[in-house]
Amino acid sequence: MDSWRTDSRIAARQAFLKQTGWGHARVETFPGKSSTRSCFRLRDHTRSAILMDAPGAAEASLGEHRTPEYAPIARLTGPGVTAFTALACALTARGFSAPRVMEADIDAGFVILEDLGDALFARLSPDAADESTLYITAVETLAAIYRSSFQRDLHAFGHGWTLQDHDRPILEAEIELFADWYAPLRDKTLSDADKSDWVNAWAEVLPVLGAHAPGLNLRDYHAGNLIWLPERKAEARVGLLGFQNALFGHPAYDLVSLIEDPRRDVDANLVRPLTDRFFNAAGLADRDDFDAAVAVLAAQRNAMTLGRLVRSSKRDDKPEYLGLLPRVARHFVRTIGHPALTPVRKAVRKITPSVFAQAYQ
């Protein structure tokens, strides 16, 4: 049984709601949420809010990032609410539209959040907002986040969270998913020599990411995690979800996440203008290095995603994820065509040449 459905958890949840003045609210389950962290919509007459319920609120230890387990290496926060709450407070304090934290019991794993509605970018019809308006606003919001100052040590509701770096160990752990999961599906199980060639190819291209000062990477910035709030002003028109795994990293990371979405096609005619707009609005310099970094991050993220999709299919029994492979393969093949990715392109042709065929199927 899901942990949030147990009698003791239901009783604890109801006690929290009563204590915070939501005891008479109707509790509606959001579909598709995991059992480790679930969200509910609370409705009480004319007001509504979102309840986040995370049983066992202790996050994975970020200090264990050199263990063999992927989640600690990638510094994923686990099911707890400390990171989400601290980051939500930090973002809203700077004028961004993360859900405002209304009440929280971090130790118990309960948080009541502002209800930002259901107008996800990914679901909006052209009548609600045209694609260019949505993506331009999303890019301008990213630039504003980059220009903002965020401390490493964040605090909210009596708990602290320390932001770490989106550094080379994380990037390398993520690209290993390609070697461990995608390559065996499409071509062969890689030998130690093949894996060494793969890692060495990336070692040649990753240094370009040091050409720009790091900023806050939300790490899950895409149309399925952004809410359209047209009644608000400027960057506040973009509601933010899915930021609990945020780290400090290259400013282009979330831009790549937005424009190379595994689940939907972004108009190809928008990609260059959006990149230009972000570069200028973020106040960046060294355009050639920036374009190279965009290509490297796009290739890195797409390699990781190819591996994750196969892993989800094979390990987690989600075969529907394989349907996303052709789109991600197209993104990947296109980006490794950049001159900055020459070593990676050569390695791909050697160890997993079939990705080129999948990109055009």
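Among L325, V266, A299, flag the residue with its Cα farthest along the positive direction of the charge dipole of region 256-342, charges on Cβ as +1 for Lys/Arg and -1 for Asp/Glu.
My answer, from the dipole projection, is L325.
Using the count of nearby Cβ atoms within 10 Å as a rough guide to exposure, how do V296, V266 rank from fewest to most?
Ordered by Cβ neighbours within 10 Å, fewest first: V266, V296.
Excluding H250 itself, what net charge comes from residues whose Cβ is under 14 Å from its Cβ, given Lys and Arg +1 and Asp and Glu -1?
Cβ neighbours under 14 Å give a net charge of -4.
Taking springs between alpha-carbon atoms closer than 10 angstrom, which of T46, T342, T29 fluctuates most in the Gaussian network model of the chain?
Checking each option, the largest mean-square fluctuation is seen for T46.
For the chain, how many pairs of lysine residues have a Cα-Cα distance under 19 Å, where the two are 8 or more positions apart or belong to different chains?
Lysine pairs meeting the criterion: 6.
Could you give the size of the charge dipole of region 117-361 about its Cα centre, using +1 on the Cβ of each K and R and -1 on the Cβ of each D and E, expressed in debye and rounded to the nearest 20?
Around 440 debye, computed over region 117-361.
Residue farthest toward the positive end of the dipole of the chain, with Cβ of Lys/Arg at +1 and Asp/Glu at -1: which of V310, G160, L229?
V310
At R0 = 25 Å, how high is the FRET efficiency between D220 and D316 if r is their beta carbon distance? Nearest 0.05 is fine.
0.90
What is the antiparallel percent of DSSP beta bridges lying wholly in the chain, to the nearest 5?
Looking only at bridges with both residues in the chain, the antiparallel portion is about 95 percent.
May I ask you to compute the full-extension gain from A119 to R100, defined as 0.36 nm times their residue separation minus their alpha-carbon distance, rounded to one decimal in nm?
5.1 nm
Could you give the length gained by full extension between R26 and R43, i.e. 0.36 nm per residue of separation minus their alpha carbon distance, to one decimal place?
In short, 5.6 nm is gained.
Please go through region 313-361 and write out the chymotrypsin sites (Phe, Trp or Tyr not before Pro) that DSSP classes as loop and that have at most 14 other C-beta atoms within 10 Å.
Y360
Evaluate the charge dipole of region 215-313 about its Cα centre and quote only its size in Debye, nearest 20, assuming +1 on the Cβ of each Lys and Arg and -1 on the Cβ of each Asp and Glu.
That gives region 215-313 a dipole magnitude of about 380 debye.
Quick note: the coordinates plus some simple rules give every number you see, no bench work behind them. All values derive from a computational prediction rather than experimental measurement. Virtual Cβ from ideal backbone geometry, glycine too; neighbours counted across all protein chains shown.
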